[in-house]
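The values are calculated or read from the model by the stated rules, or taken from the named source; none is laboratory data. No experiment lies behind these values; they were computed from the predicted model shown. Positions of Cβ are generated from backbone atoms using ideal geometry, with glycine treated the same way; all protein chains shown enter the neighbour counts. These accessible areas exclude ligands, DNA and RNA; they are computed on the full protein's heavy atoms, side chains included. Shrake-Rupley method; radii C 1.70, N 1.55, O 1.52, S 1.80 Å.
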Number of protein chains: 2
Amino acid sequence: MSIFLDLIPVSRAEEILQDIAPPMEEEWVSLLDAYRCVLSQPITAQEDIPGFTRTVVDGYAVSASDTIGAGEALPAMLTITGRVGMGDGDAGIVRPGECRYVPTGAVIPDGANAVAMIEYAEESGDEVLVYRAVAEGENLTLQGDDFRKGEMVFPAGRRLSSRDLGVLGALGVTMVPVRRKPVLGIISTGNELISPDKTPGPGEIRDVNTYLCRGYAEERGTVPRMYGIVPDERGPLEEAIRQAVAECDLVCISGGSSKGERDMCAAILADLGTVHAHGIALAPGKPTIIGTISDVPVLGLPGHPASAYVVLVALGDVLIAAMTGSAAARITVPARCAAPIPSARGREDYIRVRLEGHDAYPLFGKSGLTNTLIESHGLLRVPDGREGYEKGAEVEVILW
Amino acid sequence: MSIFLDLIPVSRAEEILQDIAPPMEEEWVSLLDAYRCVLSQPITAQEDIPGFTRTVVDGYAVSASDTIGAGEALPAMLTITGRVGMGDGDAGIVRPGECRYVPTGAVIPDGANAVAMIEYAEESGDEVLVYRAVAEGENLTLQGDDFRKGEMVFPAGRRLSSRDLGVLGALGVTMVPVRRKPVLGIISTGNELISPDKTPGPGEIRDVNTYLCRGYAEERGTVPRMYGIVPDERGPLEEAIRQAVAECDLVCISGGSSKGERDMCAAILADLGTVHAHGIALAPGKPTIIGTISDVPVLGLPGHPASAYVVLVALGDVLIAAMTGSAAARITVPARCAAPIPSARGREDYIRVRLEGHDAYPLFGKSGLTNTLIESHGLLRVPDGREGYEKGAEVEVILW
């Protein structure tokens, strides 16, 4: 193969990833286990929430018209005819000139249409003095105020947050239809790699990418499965890839940053399946390989950890999102370039940046280093149609 | 007790939480299990990383002075004396007029101080033509370029990201000293509450806060333990609190939004331990209770789900951060008020906002509702010394 890779644009790589992404099947999980799962179906309210009109304060359920003109000097005087308890289904009735005590969250009696807060009322025997007029509907949550029967509350593809779990509880959804979490296989290749529990000898380097990919897998809501360090030899590498493809929904192979290694990885993929791309107009990440074996997507990542991580964010996110029918599990924020960022047309650049308030400071580091990964807050993408950004330009930053 | 709570400022509540936070003990976990754990000790590089000078490209290790003046028309001609393999400890030596092939990541031979990329070189028999001059140090990562021996790489209190895991691998830290994850006990109280798998009868409401608190606990890196729905009765509530305090590192009791319930919860806390605060100048969240029983912090949250969640973010985050010696596990971004936000001096307001680019739109909803929790992107804090924010004001938003 040529020294020069045949580069495809990132937009084409994204199309390929969409095409090859195997959709994850639906499964039902307990609401207790649904945190960060992706909904496989929209969730619709099966009834009005709340199911009845409630008070949001402690006070007296009244007919608002009975309090017209009430004030400190001239309170409205109402007869108290009872007290509603929490969870009481029958709150009784409030007739003109009457009121009933209601604790926060209780049902409003028939005939009442507002609640006077206890802070502005005074009970004295059978009478309650109300020192402030209340408007119709005041201090009430009406039936269906939160969600109406039949309303779609969550679309399919929603990644469930802690708040979503609470709302699913309110909706009575205790078994949740979600996409199965993809199993992400992780292979690190390289004759120079040793396990981090060993001390490197001359020419040896500890394996970083296994841990980087594992953390990424957890961060993105997938299930990591590790295949360890594999030497850059045809036999062991092919065996590891076969096994990972048989056991996983997608496989990331990192390493092979040299031409010989890249070519061997691509050759194995071509023999066992299909190479869709070898070389992407992306920096860092140019030598990335996209393949499939038996419909399992395989990403060949650069060996440099920082480059590998950028490719995971730039392309892995697209693949996982397509597999789960969701948006990428990441946060993007607007920011302002604090320094000019040069780039080249025809290539998409991902620049590590440090955020200080609204300002994004580019961190340019040597590509083999990892320190910018931990000193930066995220990535600034320079699309391939741009030659960079001027200082002060409004941009988006993908938060780590 | 009085209808009116004796409110303390949020700053005082934060001090109390710092004071009562029990520090989590140190434990050692495998690097494989360290994602999102909080470091209990700083991590220092035990040796230079990388431990040797490496090439970051495929090419020819040369003495830079041998390439002075080299160009397309007049390449430098060097004798190739060998090829360095990945992981080779001994890369040999490059003398003036010589070069050696080096694949990306390999050791640089003695005598070489730069690498000419294969893209700009041509091999022909024993000779290599180099078509571009290289400067000293070009295409090299020097020993210690990433981290120097003795350099502090992570401070204690760092919450480990996926990138941090990779760097810990590089540093050879396979067992990681971390703070034990706090066990967060969750109690929902209320006679009106039913389990979400039941259909509410008149006056009944499904339990939301158990799921909200559980999700929050997972989001914040704690271990949730649930005690279910407890009726607002002295005996069962006291029993549930006793059990939770015995088994957990902190306990959140939600519910008791009515005065009677709040008073009962506070009375139990006072009997079993100490009530440090009952009523905080915070909206929503005014009736919040802070207590301790046998040195276990207990937060009494409002029953309204949205209010309970705001208190978890406003105060729970402070408590958990103090327990683990870390910053709060949340992201804050700068934003601009897209509408005026009124507030009151002497009270800290937390407004749910929707972000559109840099603009934060306040969502004002009735306090009993949960829909704003899922329609918003985060919280805008209005400190108690302010009367609000004008449209266009620069603010910070705590992302959900």
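Among A:Met117, A:Met226, A:Met24, the residue with the largest mean-square fluctuation in a Gaussian network model of chain A, with springs joining Cα atoms closer than 10 Å, is A:Met117.
The amide H of B:Asp359, built 1.01 Å from its N in the peptide plane, has B:Arg336 as neighbours under 5 Å, considering only residues 5 or more places off or on other chains. Taking every residue in A:154-165 and counting other chain Cβ atoms within 10 Å of its Cβ, the average works out to 5.
Chain B has one residue whose beta-carbon comes closest to the axis relating it to chain A; that residue and its distance in whole Å are B:Val333, 2. Relative contact order for chain A: 18 percent, from Cα pairs under 8 Å spaced at least 6 residues apart, divided by residue count.
For B:Lys149, the label point sits 7 Å beyond Cα toward Cβ; its separations from the matching points on the remaining copies run 7.6 nm, from shortest to longest. Extents of the stretch A:105-224, largest first, come to 90, 33, 20 Å (Cα atoms, principal axes, whole angstrom). In this view, the solvent-accessible surface of A:His377, computed with a 1.4 Å probe and all protein chains in place, comes to about 70 Å². Among A:Leu369, A:Leu17, A:Leu379, the largest mean-square fluctuation in a Gaussian network model of chain A (Cα springs under 10 Å) belongs to A:Leu369. So what does log10 I(q)/I(0) come out to for the stretch B:157-289 at q = 0.16, 0.22, 0.23 Å⁻¹, using the Debye formula with one equal point on every Cα and no solvent? Log10 of I(q)/I(0), two decimals: -0.87, -1.40, -1.48.
Each other residue within a Cβ distance under 14 Å of A:Gly291 adds +1 if Lys or Arg and -1 if Asp or Glu, for a net charge of -3.
Would you be so kind as to list the residues of the stretch A:193-225 that have their accessible area lowered by at least 30 Å² in the full protein complex compared with their chain by itself (1.4 Å probe)? Buried by the other chains: A:Pro196, A:Pro202, A:Gly203, A:Ile205, A:Arg206, A:Val208, A:Tyr211, A:Leu212, A:Arg214, A:Gly215, A:Glu218, A:Glu219.
In this assembly of identical copies, the label point of A:Glu239 (Cα plus 7 Å along Cα-to-Cβ) is separated from its counterparts by 6.0 nm, sorted shortest first.
Got a sec? What order do A:Phe364, B:Phe154 fall in by accessible area at 1.4 Å, biggest, i.e. largest, first?
Details: A:Phe364 130, B:Phe154 0 Å².
Ranking A:Phe364, B:Phe154 by accessible area, largest first, yields A:Phe364, B:Phe154.
What number results when the radius of gyration of the stretch A:54-141, computed over Cα atoms, is divided by 2.2 N^0.38 Å? Against the empirical 2.2 N^0.38 Å value, I get 0.93 for the stretch A:54-141. Between chain A and chain B, the total buried accessible area stands at approximately 7000 Å², from heavy atoms with a 1.4 Å probe.
If only the Cβ of Lys and Arg carry +1 and only the Cβ of Asp and Glu carry -1, the dipole of the protein assembly as shown around its Cα centre is close to 340 debye.
Averaged over the residues of peptide A:170-180, the number of Cβ atoms from other protein chains lying within 10 Å of each residue's Cβ is 3. Computed over protein heavy atoms with a 1.4 Å probe, the accessible surface of the protein assembly as shown works out to 38 Å² per residue.
Considering all alpha-carbon pairs of the stretch A:1-105, what whole percent are spaced by more than 25 angstrom? Before the final figure, lay out each step's value.
Numbers: 3262 of 5460 pairs.
Pairs farther apart than 25 Å: 60 percent.
Summary of the geometry: the stretch A:138-209 and the stretch B:187-241, compared by the centres of their Cα atoms, lie 23 Å apart.
For A:Lys259, the solvent-accessible surface computed with a 1.4 Å probe is close to 40 Å², ligands and nucleic acids excluded. Measuring only protein heavy atoms, the 1.4 Å probe finds B:Arg345 accessible over about 150 Å².
Between copies, the label points of B:Arg386, set 7 Å from Cα on the Cα→Cβ line, lie 2.9 nm apart, reported in increasing order to one decimal in nanometres. Which percent, nearest 5, of DSSP beta bridges in the stretch B:333-400 are antiparallel? Restricted to the stretch B:333-400, the bridges split so that about 90 percent are antiparallel. Placing unit charges on the Cβ atoms only, positive for Lys and Arg and negative for Asp and Glu, gives chain B a dipole magnitude near 1420 debye about its Cα centre. Projecting the Cα atoms of A:Pro340, A:Leu160, A:Leu399 onto the charge dipole of the protein assembly as shown (Cβ charges, centred on the Cα centre) puts A:Pro340 farthest toward the positive pole. For peptide B:299-309, the mean count of partner chain Cβ atoms within 10 Å of a residue's Cβ comes to 2.
Give me the percent relative contact order of the stretch B:332-399, please, defined on Cα pairs under 8 angstrom at least 6 residues apart.
Working: 153 pairs, mean separation 33.6, N = 68.
It rounds to 49 percent for the stretch B:332-399.
For the stretch A:1-105, with only Lys/Arg (+1) and Asp/Glu (-1) charged at the beta-carbon, what is the dipole magnitude about the Cα centre, in debye rounded to 20? Let's see the in-between values first.
Details: 6 positive and 16 negative charges, 132 e Å.
Around 640 debye, computed over the stretch A:1-105.
Quick one: pull the percent of accessible area on chain A belonging to carbon and sulfur, 1.4 Å probe, ligands and nucleic acids left out. Answer for chain A: carbon and sulfur cover 48 percent of the accessible area. Strictly greater than 36 Å: what percent of every Cα pair in the protein assembly as shown meets that? For the protein assembly as shown, the fraction of Cα-Cα distances above 36 Å is 52 percent.
Distant-in-sequence amide contacts of B:Thr288, defined by a placed amide H-H separation under 5 Å and a gap of 5 or more residues or a different chain, comprise B:Gly279, B:Ile280.
Taking all C-alpha pairs of the stretch B:319-399, those more than 18 Å from each other amount to 45 percent.
Just the number, please: percent antiparallel of the DSSP beta bridges in the protein assembly as shown, rounded to the nearest 5. Here the share of antiparallel DSSP bridges comes out near 70 percent. With the convex hull of its Cα atoms as the shape, chain B has an orientation-averaged projected area of 27.0 nm². Please check the stretch B:73-113 for residues whose accessible area, probe 1.4 Å, is lower by 40 Å² or more when all protein chains are in place than in their chain alone. Buried by the other chains: B:Met86, B:Gly87, B:Thr104. Each distinct pair of alpha carbons in the stretch A:231-324 adds a 1/r term; the inverse of their mean, the Kirkwood radius, is 13.0 Å.
A simple rule links phi to the HN-Hα coupling: the Karplus curve 6.51 cos²θ - 1.76 cosθ + 1.60 with θ = phi - 60°, which for the stretch B:12-28 gives 5, 4, 5, 4, 4, 4, 4, 5, 8, 5, x, x, 6, 6, 7, 9, 10 Hz, with x for Gly and Pro. Between the listed residues A:Leu184, A:Ala135, A:Leu282, the Cα displaced farthest toward the positive end of the dipole of chain A, a dipole computed from Cβ unit charges relative to the Cα centre, is found at A:Leu282.
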